[in-house]
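Please read the structure below before turning to the comments.
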Number of protein chains: 2
Amino acid sequence: MSTAPEATVDALVQLSFAIQRILATVGAERELSVVQMRLLGIVRDRRIGMAELGLHLGLDKSSVTGLVTRAERRGLVQRSPSPDDGRAVHVTLTPLGRAWTEQGAAEVAAAIGELTAHLDADQRTALTSLAESLVSGPATPR
Amino acid sequence: MSTAPEATVDALVQLSFAIQRILATVGAERELSVVQMRLLGIVRDRRIGMAELGLHLGLDKSSVTGLVTRAERRGLVQRSPSPDDGRAVHVTLTPLGRAWTEQGAAEVAAAIGELTAHLDADQRTALTSLAESLVSGPATPR
DNA sequence: TATTGTTATACTCTATAACTATA
DNA sequence: TATAGTTATAGAGTATAACAATA
């Protein structure tokens, strides 16, 4: 049970808030919450049902129902019955939802670009690999 | 308008979710949301009123009213009238609130310690200073 | 007039429990 | 029986608008 030095804890917590603020700000331009943005991002590249969506988002299935219903009402996603399983539905992006998702992703990348603009190439590489190693554990050479 | 490379964007966004998940998990042990945790953390070292609290949290003052009321109802914070300004109130931690705040901070530090356990001292130092530089801009030597 | 804070209201977001339909 | 999803309900969290009290 290691405890990180206070400076490291503070820096990572503050950085996480800065990134979340970027996501919230980009979403707010289209009145999307961070969770709605994640929903669109997840549905973007997966063929997925409500249950699996709940796993990705860390939400109960009943919460996902409301989330998807609100996004559907706004014309961003669609429910369609699964051809394989009569109980299941698939959630997919509408053309509008796809456009917003791509624009949002570009705006997030631009804002993070501003945040990291003062780094040189080596620093950026170091930051990226350190961040990756925290998320997925130490590098796993194949 | 610089745009960060995709790998950097992904790594930072995923890292921010990992840190937020730690905060949410630690809070959940005491049925505290991340915002309630932030509230306690802000009140911990400042003598502060509702308006300034709203600025720190990025919330409207009416939202802060509800947030503080719920925390007060649970015995975590106290409102007290400002001696200087008849309109203002100060929000302070109760002994229980202080205990929870300190325990929570320790648990967050421990969890982030786990996350960074695989880093050696140099890597940890590099990560900390890179993260600090993103949050507060490039190093500003005095 | 401006500022501090609360109240009323409405909506999003979330979980729990109970339910329907399909596997 | 188990799984996929919805509905009903309750509560937290948020903003806007209107308000009271103080500066």
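The values are calculated or read from the model by the stated rules, or taken from the named source; none is laboratory data. These numbers were taken from a predicted model, which means no experiment stands behind them. No Cβ is skipped: glycine too gets one built from the backbone with ideal geometry, and neighbour counts run over all protein chains shown.
Could you check, for segment B:63-81, whether at least one of its residues is surrounded by fewer than 15 Cβ atoms within 10 Å (Cβ to Cβ) and acidic (Asp, Glu)? No - not one qualifying residue is present in segment B:63-81. In the set (1) within 13 Å of DNA strand C (Cβ to nearest atom); (2) surrounded by 12 or more Cβ atoms within 10 Å (Cβ to Cβ), residue B:87 fails one condition alone, (2). Considering segment A:90-111, the residues that are surrounded by fewer than 16 Cβ atoms within 10 Å (Cβ to Cβ) and small (Gly, Ala, Ser) include one that is nearest to DNA strand C (Cβ to nearest atom), namely A:99. Identify all residues within segment A:57-80 that are in a helix (DSSP H, G or I) and in contact with a Lys or Arg (Cβ under 8 Å, 6 or more places away or on another chain); write none if there are none. Within segment A:57-80, A:57, A:68, A:72 qualify.
Residues that are within 14 Å of another protein chain (Cβ to nearest Cβ), part of a helix (DSSP H, G or I) and within 12 Å of DNA strand D (Cβ to nearest atom) within segment B:24-53 comprise B:24, B:27, B:28, B:34, B:35, B:37, B:38, B:39, B:40, listed in sequence order.
Would a scan of segment B:54-67 turn up a residue that is within 14 Å of chain A (Cβ to nearest Cβ), in contact (Cβ under 8 Å) with a residue 40 or more places away in the chain, within 12 Å of DNA strand D (Cβ to nearest atom) and under 17 Å from the mean Cα position of the chain (by Cα)? There is no residue in segment B:54-67 that is within 14 Å of chain A (Cβ to nearest Cβ), in contact (Cβ under 8 Å) with a residue 40 or more places away in the chain, within 12 Å of DNA strand D (Cβ to nearest atom) and under 17 Å from the mean Cα position of the chain (by Cα). Annotation: residue A:114 fulfils all but one of (1) within 9 Å of chain B (Cβ to nearest Cβ); (2) surrounded by fewer than 16 Cβ atoms within 10 Å (Cβ to Cβ); (3) modelled with pLDDT under 95; the unmet one is (3).
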